Amino acid sequence: MSCNRADTVLHGYFDNELDALGAAEFERHLERCSECIDALESLESLRSSMNVAQLFEKMPALLREKVLADLSSANLIRIVPARSPWRWLAIAAAFLLFAYTGWQVISIHGSDNYETVLIGEVVDAHLRSLQPGHLTDVVSSDRHTVKPWFDGKLDFSPEVQDFADQGFPLQGGRLDVVRGRAIAALVYGRRKHLVSIFIWPMTEKDASSREGSRQGYQWIHWRKGGMEFCAVSDAAPSDLEQLQRLFTE
Amino acid sequence: MSSPAQGEGFDVLDAQDQVRFEMLVLPHLDAAFNLARWLLRSGADAEDVAQEAMLRAFRFFHGFHGADVRAWLLQIVRNTCYTWLEKNRHVKDMTEFDEDLHGLRSATPEMLAIAGDNRERLTRALESLSPRFRELIVLRELEGCSYKEIATIASIPMGTVMSSLSRARRQLQLALADTARPEVNHEL
């Protein structure tokens, strides 16, 4: 091979790794070097045949389960098994049953169920957020990063503060859906626990906090200044109360 | 980026690290397995080694503060593979591709096209490369790594990625030309 670029720059060009200047320079070279044109064609043919052959091998489902089990026994990490369509179907079926039962309960009881349903959704949203990749959409401990991130994504602008000095470092924020509307969720750390705070606007009067536990998670719910707040965590109830005070002060 | 081969391992991650591990590392399980499968040329061996590599990643995760978690994970997988290869004394795996053996016939696009759609031929050709060349091809073409990531994972200087890839591709083309014309190969 006599053109030395065919062994070097050509590959950088082929892989899109040259800067604009280098690429333009090489394209000028291509206009008069048939050797490089041939080499480029042969690389393209090689790549396309590799793509067609689909050589990438995914981890077998059984091994994936083994690995997750290993990690869980190594550290009690939560297991998120491979998601098969059947599994989603099962979840969907369970959800439908749950929704139907929930609806029945609502139609029987009436008044206090707003909070019951709300807490159910909020705890579910918190649990969902703990699955891989769902915790935060914007990862930052800087409220000046987190707050603007919500701009244009919601029809309101949530107050974002970092309470690291008080033992609740801001971890980030994400969008969530509760009661059929898009809301802001802020994530705080509390020692080894995570707290999700869900925030959305409302038109009702301020209300002092109510708290409780559900599915092993603590929740606390309050309304203040045209906003409704609900915090969920596996941290202690006193931790949630403290965070609630920080928010309302 | 901290080297996974050094430093103290931490068997227990705190809750935040656990969540980070799930968020950042677990999405790359397929990439980890794919690299192991091609470096070891065996799905069965790759299962053992990928499993071991994930445990190592879990132990070393506490010390990871870099930006590219996939490159970090693939580096661990690669190192675990090489350790395994050395331990299991696959000597011929460690030998470099022999150009004389494969001849220096040029591989034309036509010859490559004959071999092109054939997964079996591509697999054989890729597996005939030395691991050092094979890993470059796998990282670039199968895992879609950038040159920077390849330099990190394969522990080679950034400046040599381009020329090394060039050599690796040349060898692959030659090997493919061989598998495309097996009868010629036997006559030699």
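What the table below lists for this structure:
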{"quantity": "10 °C / 1.306 mPa s Stokes-Einstein diffusion coefficient of region A:4-53, Kirkwood radius on C-alpha pairs, µm²/s", "calculated": "142 µm²/s"}
{"quantity": "Reachable lysines from A:Lys66, criterion Cα separation under 25 angstrom, eight or more residues apart if same chain", "calculated": "A:Lys58, B:Lys87"}
{"quantity": "Region A:110-248 - Debye-derived log10 I(q)/I(0), Cα point model, q = 0.09, 0.10, 0.17 Å⁻¹", "calculated": "-0.23, -0.28, -0.88"}
{"quantity": "Convex hull (Cα only) mean projected area of chain A, reported in nm² to one decimal", "calculated": "21.1 nm²"}
{"quantity": "Accessible surface buried upon A-B contact (total; probe 1.4 Å; Å², nearest 100)", "calculated": "4500 Å²"}
{"quantity": "For region A:4-53, accessible area per residue (1.4 Å probe, heavy atoms of protein chains only), Å²", "calculated": "54 Å²"}
{"quantity": "Distance in nm between pseudo-label sites at A:Glu204 and A:Arg245 (7 Å out along the Cβ direction from Cα)", "calculated": "2.5 nm"}
{"quantity": "Total charge dipole magnitude, chain A, about the Cα centre, Cβ charges on Lys, Arg, Asp, Glu only, Debye to nearest 20", "calculated": "1060 debye"}
{"quantity": "Scattering profile of region B:38-81 at q = 0.30 Å⁻¹ [log10 I(q)/I(0), Debye over alpha-carbon scatterers]", "calculated": "-1.07"}
{"quantity": "Candidate aspartates and glutamates - alpha carbon under 13 Å from A:Lys192, same-chain residues fewer than 8 apart omitted", "calculated": "A:Asp234, A:Asp239, B:Asp14, B:Asp17"}
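The values are calculated or read from the model by the stated rules, or taken from the named source; none is laboratory data. Bear in mind the structure is a predicted one, so any value in this text is a computation, not a measurement. All Cβ positions, even for glycine, are placed from backbone atoms using ideal geometry, and neighbour counts span all protein chains on display. Only protein heavy atoms, including side chains, enter the accessible area calculation; ligands, DNA and RNA are left aside. Shrake-Rupley method; radii C 1.70, N 1.55, O 1.52, S 1.80 Å.
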